[in-house]
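Asker: Have a look at this one before I ask anything.
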Amino acid sequence: MKKQKQKLTEKAFAVLTWGAAALTLGTLAFLIAFILIRGIPHLKPSLFAWEYTSENVSLLPAFVTTAEITLLSLLIAVPLGVFSAIFLTEYAKRGNKAVALVRLTAETLSGIPSIVYGLFGWLFFVTSLKWGFSLLSGAVTLSIMILPLIMRSAEEALKAVPDTYREGAFGLGAGKLRMVFRVALPAAMPGILAGVILAVGRIVGETAALIYTAGTVAQIAPSPMASARTLSVHMYALSSEGLFMNESYATAVVLLLLVAGINALSGFIAKRLGGKGERQGGE
Amino acid sequence: MKDKSIFEIKSLDLFYGNFQALKSINMELAGGEITAFIGPSGCGKSTLLKTLNRMNDLVEGCRITGTVRLMGQDVYGGMDVNLLRRRVGMVFQKPNPFPMSVYDNIAFGPRTHGVKKKSALDSVVEKSLRDAAIWDEVKDRLKKPALALSGGQQQRLCIARALAVGPEVLLMDEPTSALDPISTGKIEELLLQLREEYSIVIVTHNMQQATRVSDRTAFFLLGEVVEYAKTETMFSMPKDKRTEDYITGRFG
């Protein structure tokens, strides 16, 4: 009797977990299929023209802008984030008040909605510093937004590097600098990279913060001080105007492929970097 | 080098915060010999080992008084710590090769100290691996990750890595405690060969190991050196009652 009841519970639980998994996958599959079906028929070569015109809403300028903003933001945020992580893990003493403060700040920053970053960027970079709606304003704003993410992931990655590596390096007479750059950082690289990829995902998907700071000009920006729109902003603009819904779906397809491509690339890089040493032998 | 004292330790006290881990240690370690530190867990033997190349500098709240001299030079008096660690190499309890290739592991030390030429690095790598009796096992996989080696091979690799910077002394902190008996045997054999060229200090939990490889043994208890003598003498005629109790297995 008791056994039967147990069996029943077990079965119910199995069904529940299967159901949850199926629902999750199903939703995702439906979403992707929906976008692909609505978008692919409208992926015409004309969408990849260099010029955006009001007749032909080309997405290529937005694609280029996405790459530019991503690169610029990473250029600012990655060194800053990784160096602060190095400070927190390798240099700051344990129980240091500053460390706790930096960590608290980072955690708070990562919880702020992106529109708030946008507002800040608009007030500070666009208005006060007079950078105007520009790639630079957008990239700097986004770099502030992703900084906590990069810092925390780099910190976790560095903390996961076994202290025995550090001892080994010091034991051979290496200084701290050499230990950090030749031993700890390379060992932490896959983890740091994972954070960077997440950050790229946030940049590529961001709209709110960019509308306020980089503006919505649909051409390739002639200089970093010019306004331009990324793919996500482009999509938002198209669909909110309501005139080019088909092209909007086509843009969504490109965005989807871009993100999938980035993820695949990151997996590949992490594997190549990690493959050198990640696999633990003899343990 | 033989019979000359390599380390001279005088009235050394060591504190971790308020806890005194070593109490007025006085001893001389002879060059060209293998000295074993034995004693129960927490007796201070590893701590003393780490004061010899200042690895204790890395421990927060660690305070040291007294002097340690390496061939007459005060280790704690303005000696460049990186230079000290080059002269006094260390092998750790758990094999800790870096997550890089076998070659890069060995070349790490020489590169740290400014060797850049490929040919010079090649010959150091080969010599160190030969001296650590692992060359034949890894010569065809120098570019392969060191972490893919077995535990025993990893530890011999770490010994080779320590030898590559040309140390005068090797400190070994229970180097075989994480290894199987066969790997342990190989390392003990290796130690006896290395004694020809290097002075070795080894911390061990294993009294048989101390009798097999060491020339002199120091017995530690609660932060003090209870007895320090030739290994044969200590294990056949211990002077102190506590030493006798420990080596006959009455505690520890």
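Computed from the coordinates by the stated procedures, all read-outs in this text should not be read as laboratory data. Since the structure is predicted, the reported quantities are computational estimates derived from the model, not experimental observations. Here Cβ is always computed from backbone atoms with ideal geometry, including for glycine, and neighbour counts include all displayed protein chains.
Asker: Please list, or write none, the lysines whose alpha carbon is within less than 16 Å of the alpha carbon of B:Lys118, excluding same-chain residues fewer than 8 places away.
Answerer: Of all the lysines, those that pass the test against B:Lys118 - Cα under 16 Å, at least 8 places apart if same chain - are B:Lys127, B:Lys143.
Asker: Now for a different question. For the pair B:Lys127/B:Asp80, report the inter-label distance in nm, with labels modelled 7 Å from Cα in the Cβ direction.
Answerer: Each label point is offset 7 Å from its Cα along the Cβ direction, giving 2.0 nm.
Asker: Gap in Å between the Cα centre of region A:45-121 and the Cα centre of region A:233-267?
Answerer: Using only Cα atoms, the two centres lie 19 Å from each other.
Asker: Same structure again: Restricting things to alpha carbons, tell me how big chain A is in terms of Rg and Dmax, in Å.
Answerer: 23.3, 77
Asker: Sticking with this one: Under unit Cβ charges (Lys, Arg +1; Asp, Glu -1), what dipole magnitude, rounded to 20 debye, does chain B have relative to its Cα centre?
Answerer: 620
Asker: Further, regarding this structure: What relative contact order, as a whole-number percentage, does chain B give when Cα pairs under 8 Å and 6 or more residues apart are counted?
Answerer: 27
Asker: Another question, then. Scanning chain A for trypsin sites (Lys or Arg not before Pro) in DSSP loops with at most 12 other Cβ atoms within 10 Å, what's the longest stretch left with none?
Answerer: Of all site-free stretches, the longest is A:131-278.
Asker: Report the trypsin sites (Lys or Arg not before Pro) located in region B:1-75 that are in a DSSP loop and have at most 10 other Cβ atoms inside 10 Å of their Cβ, or state none.
Answerer: B:Lys2
Asker: Given contacts defined as C-alpha pairs under 8 Å and at least six residues apart, what's the relative contact order of region A:140-283, whole-number percent?
Answerer: Details: 111 pairs, mean separation 33.8, N = 144.
Averaging sequence separation for qualifying contacts and normalising by length gives 23 percent for region A:140-283.
Asker: Additional query: According to the Cα gyration tensor, what semi-axes, each the square root of 5 times an eigenvalue, does the equivalent ellipsoid of the protein assembly as shown have, listed from largest to smallest in whole Å?
Answerer: Semi-axes from the Cα gyration tensor: 60, 27, 23 Å.
Asker: Then there is this: Taking θ = phi - 60°, what integer Hz values does the Karplus form 6.51 cos²θ - 1.76 cosθ + 1.60 yield along region A:55-60, in sequence order, with x for Gly and Pro?
Answerer: 8, 10, 7, 4, 9, 4
Asker: For region A:216-222, in order, what is each residue's ³J(HN,Hα) by Karplus, 6.51 cos²θ - 1.76 cosθ + 1.60 with θ = phi - 60°, in whole Hz (x at glycine and Pro)?
Answerer: Taking θ as phi minus 60°, the curve returns 9, 4, 9, 10, 5, 5, x Hz for region A:216-222.
Asker: Counting pairs of alpha carbon atoms under 8 Å apart in space and at least six apart in sequence, what relative contact order in percent does region A:45-275 give?
Answerer: Dividing the mean separation by the residue count of region A:45-275 yields 28 percent.
Asker: Same structure again: Which of the GluC sites (Glu not before Pro) found in region B:1-105 are loop residues per DSSP with 14 or fewer other Cβ atoms within 10 Å of their Cβ?
Answerer: Here the sparse-neighbourhood loop sites are B:Glu60.
Asker: Here's something else I'd like to know. Only Lys, Arg, Asp and Glu count, each charged at its Cβ (+1, +1, -1, -1), so figure out the dipole size of the protein assembly as shown about its Cα centre, rounded to 20 debye.
Answerer: Dipole size: approximately 480 debye.
Asker: Give the calculated FRET efficiency between A:Met245 and B:Lys139 to the nearest 0.05, with a Förster radius of 60 Å applied to their Cβ-Cβ distance.
Answerer: Numbers: r = 66 Å, r/R0 = 1.10.
About 0.35, to the nearest 0.05.
Asker: Please sort by residue number the GluC sites (Glu not before Pro) in region A:1-102 whose DSSP state is loop and whose Cβ has at most 10 other Cβ atoms within 10 Å.
Answerer: A:Glu55
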